[in-house]
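Take a look at the structure set out below.
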Protein chains: 2
Amino acid sequence: MTEPKKNLPVDEQLRVLKRGVADLVSEEDLRAKLTRSLETGQPLRVKLGADPTRPDLHLGHAVPLRKLRQFQDLGHKVIMLIGDFTATIGDPTGKSKTRPPLSIEEARANAQSYLEQCRLILRSESEVLEIRSNGEWLERLGYKDIIGLAAKYTVARILERDDFSKRLSSGTPISMHELLYPLTQGYDSVALQADVELGGTDQLFNNLVGRALQRDYGQEPQVVMTVPLLVGLDGTEKMSKSLDNYIGLSDEPHAIFAGLMKVPDPLLENYFTLLTDLSQERIAELLAGHPVEAHRQLAREVLAWLAPDADPDAAEERFRSVAKGGIPEDLPEVSVESSELNDEGRVSLARLVALAGLEPSNGAARKLMQNRGLKIGGEVYTDPQGTVSREQLAAPGGLILQKGKDKFARLMLKQ
Amino acid sequence: MTEPKKNLPVDEQLRVLKRGVADLVSEEDLRAKLTRSLETGQPLRVKLGADPTRPDLHLGHAVPLRKLRQFQDLGHKVIMLIGDFTATIGDPTGKSKTRPPLSIEEARANAQSYLEQCRLILRSESEVLEIRSNGEWLERLGYKDIIGLAAKYTVARILERDDFSKRLSSGTPISMHELLYPLTQGYDSVALQADVELGGTDQLFNNLVGRALQRDYGQEPQVVMTVPLLVGLDGTEKMSKSLDNYIGLSDEPHAIFAGLMKVPDPLLENYFTLLTDLSQERIAELLAGHPVEAHRQLAREVLAWLAPDADPDAAEERFRSVAKGGIPEDLPEVSVESSELNDEGRVSLARLVALAGLEPSNGAARKLMQNRGLKIGGEVYTDPQGTVSREQLAAPGGLILQKGKDKFARLMLKQ
């Protein structure tokens, strides 16, 4: 990724920071803050809030993280705000499945894992990275403080939030505490004296609450900057683990390569803008050329910052070999105990797929076969009731199973 | 007022308690609670909340207080909840003139004066009167408790409150903290484990929130009972000090008598129902007779419980004498310093009216005259620029000023 370039002229900084941004409220304010920072040598404080609920990050998360990295490279300070205190409260009504209350230990463990993954992208030096917990100030708020906080915002403005107004008009219940969460999130900006708050476009409203509250508390209002939500490999939904349309930040280099080669063509420009530092001219040039070459360059660019220690040629080689039906050399090997075999000396393929870790259960393995997702020796295998003999497992080189394009396992009978 | 009659049969208690009630949610619940109270000997806990903001009580306040007294006479316990903690918060936006934040000393002084006046109607024995402050539990609530409390109620239900829905649809701002106050008030019922909450009809919604919250906190829901807001002597607006259509609880007996003689005829039945214990038959009889006699009986009934030590005949006598243009014997006397006279030995009437305490300022005194509210020697005096001579003030008996029907002062030149 980029190297630090401190004290760049304001226009230069703005050019970098505005790239790929969806909302910027407001450019004038950001310019003023950058100008003052240059004059005083005082870096901007750039906040990103995170709920410590989902520990596995993917390329969608990389979009705001890369923007934060740009701020760091320009000499500014990133504040990762972990909502561990609010996570322990969760949704007290128990109705929201995305907000189950966590124990403080779970919240801390999630936060730990989250931050480790963020460090794949962010700089870690304390001059440019500060990690905070919202319990620091929320735990101290009493009834009077909360009434005072709530008094600063009107019901009408909170209900303007898109999802609230839709739910209210459709009669879907909104619990009173849900209205308090945006205020709390805004108060975090007051407590942190944030200069800029970054977020996905879905956070625009909440972050504007912070901007308004800072003004009410006598602070200079923060700049609100949003980045688009990355569309996943299915080409329609936003990237998410549950939709299985994602590329994980900690995936193997060849898997990242393979994933990026699958990006739907209409999304290429978007991926280039959000996930590489290539100039607009270079991107236009690539898009005008052959799509396979464009994908290849995208994959190499992303690998360069996401897995800087990996050999991109090796990753590509492995991807190519697999794509051509080849089998990579360094397959994970799995031993099969004799006790797995039945009286006739056979074991079901579904069981082997699960043993190999390609699917979590025999049932999922059978579904994989029905969906034509399993290959044996390069051939699609579709019989979910199929079995394999002791001899096949004991053969030299064992039995090689392949899931999709790039997941393999070599099964061998334990001697 | 009535004497205690403990352990009355439930039907008998219900008959007393339902008199003059506007809303009762629900009669079945009240019956069940009364039945259990009779069986266990455990009195019901009957809550009335009060903001310690207005220290002068009038007959409008007497309506709920008399209902509480009925509960006490039946052996139940009244809990006067003073919102002194919330009064110190007030309306943090500063927009509501009726809710200026008070210092804790002001709030306590107001509460003291409020409770003294309540004791004109309520019994004071600790078995039937408990005085509490909402700071006891609100001061201890933290962020997590408040989120948990708010989670128990939906926005739609809060916005159902009549004044909220009107303001929201007319675009009049509602501050977020205003939505929290009904929840807090409801939480008071949880903290107090109230069996019944009493209030004016304007409190129906807030008190129903308490009923719902108690259920959510695993308590038996309180019965909500409201009494009508008493219409004032103008016959249209609810009785209030600022509209000057009131009879103060601490007024002189003859002034109370005079006020009740002025109750508009269409309100008589209402006043009899809410402010006396006369039977419906007796009320019907009085209403069928001469209106003056009905007013007289109303006045004597109210004096009997509001000023039990006063001689009702004397109060009536004084009222009659004044009504006929007579002048009572025990006038307040006011000395006028010679220095008040000008070079010509005269002083303005406006100044004298203010000196006598009949109006707060010379300007108000002039307005009184313009409105034909001042009499001198039984004659209406209307010249706001009028003056009085040294001789008039020095005459035996001095100068008698009369405001309205029953306020007098005797002014005499200081020797």
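The table below gives the values:
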| read-out | value |
| --- | --- |
| Paired Rg and Dmax values of segment A:247-399, which use every Cα atom, in angstrom | 19.7, 67 |
| Shielding by other protein chains, A:166-176, mean Cβ within 10 Å | 4 |
| Shortest-first distances to equivalent copies, position A:Ala323, nm, label 7 Å out along Cβ | 10.6 |
| Average beta-carbon neighbours from other chains, 10 Å sphere, peptide A:152-159 | 6 |
| Solvent-accessible area of B:Trp305 with every protein chain in place, 1.4 Å probe, in Å² to the nearest 10 | 20 |
| Sequence of B:Ile327, B:Ile79 when ordered by accessible area, the most exposed leading, probe 1.4 angstrom | B:Ile327, B:Ile79 |
| Helix-derived mean residue ellipticity, 222 nm - over the protein assembly as shown, DSSP H n ≥ 4, -39500 (n - 2.57), to 500 | -13500 deg cm²/dmol |
| Förster-model FRET efficiency, 22 Å R0, B:Glu333 and B:Glu252, C-beta, rounded to 0.05 | 0.85 |
| Segment A:333-413: proportion of alpha-carbon pairs further apart than 22 angstrom, % | 13 |
| Most positive-pole-ward Cα, A:Val388, A:Leu44, B:Asn270, against dipole of the protein assembly as shown from beta carbon charges | B:Asn270 |
| Rg [Å, one decimal], Dmax [Å, integer] - the protein assembly as shown, C-alpha atoms | 40.1, 138 |
| Convex hull volume per residue in cubic angstrom - Cα atoms of chain B | 183 |
| Between helix A:204-216 and chain A: long-axis angle, C-alpha atoms, 0 to 90°, nearest 10 | 30 |
| Per-selection Kirkwood Rh - segment A:253-323 (Cα, Å, 1 d.p.) | 12.1 |
| Size of segment B:1-53 as Cα extents on the principal axes (Å, biggest first) | 39, 24, 22 |
| Kirkwood Rh, Cα atoms: Rg over Rh of segment B:113-159 | 1.21 |
| Dipole magnitude (debye, nearest 20) for segment A:275-415, charges at Cβ of Lys, Arg, Asp, Glu | 580 |
| Solvent-accessible area of B:Ser169 with every protein chain in place, 1.4 Å probe, in Å² to the nearest 10 | 100 |
| Per-copy distances of the B:Ser335 label point, shortest first, in nm (7 angstrom along Cα→Cβ) | 11.6 |
| Listed residues A:Thr53, A:Val209, A:Tyr114: farthest to the positive end of the dipole of the protein assembly as shown (Cβ charges) | A:Val209 |
| Enclosed volume per residue, in Å³, of the convex hull spanned by Cα atoms of segment B:80-194 | 139 |
| Other protein chain Cβ atoms within 10 Å, averaged over every residue that makes up B:137-143 | 6 |
| Protection-proxy order for peptides B:142-150, B:407-415, each taking the mean of Cβ atoms within 10 Å per residue, highest first | B:142-150, B:407-415 |
| Area buried, chain A against chain B - accessible surface, total, 1.4 angstrom probe, square angstrom | 2800 |
| Label 7 Å beyond Cα on the Cβ vector: A:Leu287 copy-to-copy distances, nm | 8.3 |
| Largest-first ordering by accessible area, 1.4 Å probe, given options B:Arg161, B:Arg15, A:Arg366 | B:Arg15, A:Arg366, B:Arg161 |
| Segment B:242-262 and segment A:1-70: distance between their alpha carbon centers, rounded to Å | 70 |
| Cα-centre dipole for chain B with unit charges at Cβ (Lys and Arg positive, Asp and Glu negative), debye to 20 | 700 |
| Protein accessible area in segment A:236-282, 1.4 Å probe - carbon and sulfur % | 47 |
| Chain B: angle of helix B:59-73 to the longest principal axis, Cα-based, in degrees nearest 10 | 50 |
| Rounded to 5, percent antiparallel among DSSP beta bridges of segment B:10-227 | 15 |
| Translational D in µm²/s for segment B:10-227 (Stokes-Einstein at 37 °C, 0.692 mPa s, Kirkwood Rh from C-alpha pairs) | 182 |
| Principal-axis tilt of helix A:312-323 within chain A, Cα atoms, nearest 10 degrees | 50 |
| Segment A:1-135 shape via C-alpha gyration tensor axes, a/c threshold 1.5 | prolate |
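The values are calculated or read from the model by the stated rules, or taken from the named source; none is laboratory data. In this text the structure is predicted, and so the values were computed from the model without any measurement. Note that each Cβ is placed from the backbone with ideal geometry, even for glycine, and that neighbours are counted across all protein chains shown. Just so you know, the surface numbers come from the protein's heavy atoms only, side chains and all, with ligands and any DNA or RNA stripped out. Shrake-Rupley method; radii C 1.70, N 1.55, O 1.52, S 1.80 Å.
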